[in-house]
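Okay, structure first, notes after.
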């Protein structure tokens, strides 16, 4: 599964899997009760978030040989927008991820500060080197899993252009289908996403990823039956990311959710990476 030295939490299948892009829906022809644009739908996706959250997670990564590696980590994310949904001090959100298992990676960590004006601030602490470095994490896989840092940090509404496509049946129910194309300023490793979104709670249940060459490379599926309600915020507790080229997978299980925790002033201080306790 690889080592942390390659900075591995998020590849190509046959190009035919991607297929041609579909035409967008003529929204004037939609029934009035579903007359939502792609950006309208994704804005509701972003509303299904806490103001801040602390999560403890297990990741199990495997391949065709059925061999699995396990890691554990905690993540703290905070919204940095004001009441008018505008960036505060130039930031949209802040995220810190700290590894607790395996032992040789304990306290290795990284931080992503999402800026209104790119590039984002990204920092990493490697336990083996005992120093904090500023670097670009966008294409790095995390701890030998099939997730990259770009996959883990919640995507902001402003980071892509959204197009609604015809609804589709998936996992036993009709879903909104939204195509997202990251804006050039995002410097994403992906050229396109396709999201199948739950119509009741606006949760992306399936996301397909295309690389910059136009090849479908990943699929993320969240189990509908694992969704839990935390005071009106709906969280899928189990999700699986598959790398379609390497035929590997990572199952992410959220073991604990602490909604809207009280955060310390130093929680998102890059100089404190490697010195964190819980938050």
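Quick look at the numbers
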read-out: Among residues of region 230-272, those that are out of contact with any strand residue (DSSP E or B) (no Cβ under 8 Å at 6 or more places or on another chain) and closer than 20 Å to residue 112 by Cβ, counted; value: 5
read-out: 1 or more residues in contact with a helix residue (DSSP H, G or I) (Cβ under 9 Å, 6 or more places away or on another chain) and modelled with pLDDT of 95 or more: qualifying strands (runs of 3 or more DSSP E) within region 124-232; value: 160-170, 173-182, 190-197, 204-211, 216-222
read-out: Close pairs (9 angstrom Cβ cut-off, 6 or more residues apart or separate chains): closer than 19 Å to residue 235 by Cβ in region 33-47, assigned to a helix (DSSP H, G or I) and modelled with pLDDT under 95 anywhere; value: 42/157; 43/157; 45/157; 46/157
read-out: Of all residues making up region 59-112, the number that are out of contact with any helix residue (DSSP H, G or I) (no Cβ under 9 Å at 6 or more places or on another chain) and not in a strand (DSSP E or B); value: 16
read-out: Residue ID - surrounded by the fewest Cβ atoms within 10 Å (Cβ to Cβ), chosen from residues in region 49-74 that are within 19 Å of residue 229 (Cα to Cα) and touching a strand residue (DSSP E or B) at 6+ places or on another chain (Cβ under 6 Å); value: 51
read-out: Test set (1) farther than 27 Å from residue 94 by Cβ; (2) part of a loop (DSSP other than H, G, I, E, B) - residue 275 fails condition number; value: (1)
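Listed here are the residues, each with its yes/no results for (1) crowded, with 18+ Cβ neighbours inside 10 Å; (2) under 18 Å from the mean Cα position of the chain (by Cα); (3) under 24 Å from residue 60 (Cβ atoms).
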{"site": "207", "(1), (2), (3)": "yes, yes, yes"}
{"site": "211", "(1), (2), (3)": "yes, yes, no"}
{"site": "236", "(1), (2), (3)": "yes, yes, yes"}
{"site": "247", "(1), (2), (3)": "no, no, yes"}
{"site": "251", "(1), (2), (3)": "yes, yes, yes"}
{"site": "275", "(1), (2), (3)": "no, no, no"}
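The values are calculated or read from the model by the stated rules, or taken from the named source; none is laboratory data. Given the structure is predicted, the values throughout are model-derived calculations rather than measurements. Note that each Cβ is placed from the backbone with ideal geometry, even for glycine, and that neighbours are counted across all protein chains shown.
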